[in-house]
1. Just one of the numbered conditions (1) within 24 Å of the chain's Cα centre (by Cα); (2) modelled with pLDDT of 95 or more; (3) more than 28 Å from residue 177 (Cβ to Cβ) is not true of residue 252; which one?
2. Given the condition in the same structural domain as residue 377 (by TED's automatic domain parsing), part of a helix (DSSP H, G or I) and within 13 Å of the chain's Cα centre (by Cα), answer yes or no: does some residue in the stretch 212-234 qualify?
3. Provide a single number: the residues in the stretch 330-359 that are part of a loop (DSSP other than H, G, I, E, B) and in contact (Cβ under 8 Å) with a residue 24 or more places away in the chain.
4. Determine whether residue 71 is exposed (fewer than 14 other Cβ atoms within 10 Å of the Cβ) and at pLDDT below 95.
5. Restricting attention to the stretch 297-319, report how many residues are farther than 22 Å from residue 360 by Cα and in contact (Cβ under 8 Å) with a residue 24 or more places away in the chain.
6. Going through the stretch 200-219 one residue at a time, which ones are surrounded by fewer than 24 Cβ atoms within 10 Å (Cβ to Cβ) and either closer than 19 Å to residue 277 by Cβ or modelled with pLDDT of 95 or more (or both)?
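The values are calculated or read from the model by the stated rules, or taken from the named source; none is laboratory data. All values reported here derive from a predicted model rather than from experimental measurement. Counting neighbours? That spans all protein chains shown, and the Cβs are built from the backbone with ideal geometry, glycine included.
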């Protein structure tokens, strides 16, 4: 289902943190950036089930592999998708070979399984399925089993939010941003932002980017950007404390903000030492590009076949697409370098020559946004905008994870 742009009026920008000022954003009325507004509708979600429960479900096989233990025992390891989310699964081999056991999973990549819900470690919230019986399914379209955006949310709203903020940028940032979106919109607007932890559904990358841009713009436009960031961190701490107080009464204990605050306060401290106001246009373009490389790092049904050949000087290769999964080739490079490739492609297409300092500062934003090398960053943040980007990325990702946990 496509969005009806003519019937939509100005709406309030989505606010995840009270510290971010309210702002009205007009609807997008153009034809270039169209979104599909399909949403999740009652698919299997493992978080709704308790350990030990038996389930029967039709699922999409996103990934499947044969694994071997240190003792030489083989088993099958899976990632399954439904319209409501993703989960991990396994099947122990009691008879026959691993290759024989794998056949029904690969026949159509859609299976009907009888399985048991497991949790390991106990009380960790880390649930998976142990498959007991499986049958290939031939009469279900795989695209109907891809994880979708929650029912109460609108992809159109996130699109309007994102495009509205891009339109506010000054040149050449706006020109670069629009070129990147024009080149890769179909994939950018449908790719997930992650496999499991946050925004792990169709349209998740666009939503994550739009929400981050809203936080970034709110911080930059506030009277004291640093204090606005601190207020967002304080709101996150209040969420975390509330989780701790409720933990004894909750069947599933999920602490979305675990291991977040040291990094958030390190970013805040580094910002004070640099003692510079953030450049809003630089930060917003950095947010837009920071995860755009996930177009190549992940794949799923519906991914544009030419996404590699459009960006790189390479020949096309055959690929089998199914559920949301790590792309075996894209993952060899990772989303951060791919983000830099997209930035360079936009500059070439627009015949733009920008100052060397600006060029490297933009590259730095993309390559440093995970904050730590042990978290996957190529380099650690060194500029004010890079520290803000890292903090905002962490805040939005964990807030999404926290909000999802509240619904269980």
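1. With respect to (1) within 24 Å of the chain's Cα centre (by Cα); (2) modelled with pLDDT of 95 or more; (3) more than 28 Å from residue 177 (Cβ to Cβ), residue 252 is out only on (2).
2. Looking through the stretch 212-234, at least one residue is in the same structural domain as residue 377 (by TED's automatic domain parsing), part of a helix (DSSP H, G or I) and within 13 Å of the chain's Cα centre (by Cα).
3. Residues in the stretch 330-359 being part of a loop (DSSP other than H, G, I, E, B) and in contact (Cβ under 8 Å) with a residue 24 or more places away in the chain: 4 in total.
4. Yes, satisfied.
5. 10
6. 217, 218
A quick yes/no check of all residues on (1) closer than 28 Å to residue 123 by Cβ; (2) surrounded by 15 or more Cβ atoms within 10 Å (Cβ to Cβ); (3) at pLDDT below 75:
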| position | (1), (2), (3) |
| --- | --- |
| 10 | no, no, yes |
| 23 | no, yes, no |
| 29 | no, no, no |
| 33 | no, yes, no |
| 47 | yes, yes, no |
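Matching residues to (1) modelled with pLDDT of 95 or more; (2) more than 26 Å from residue 48 (Cβ to Cβ):
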residue	(1), (2)
86	no, no
95	no, yes
102	yes, yes
111	yes, no
116	yes, no
126	no, no
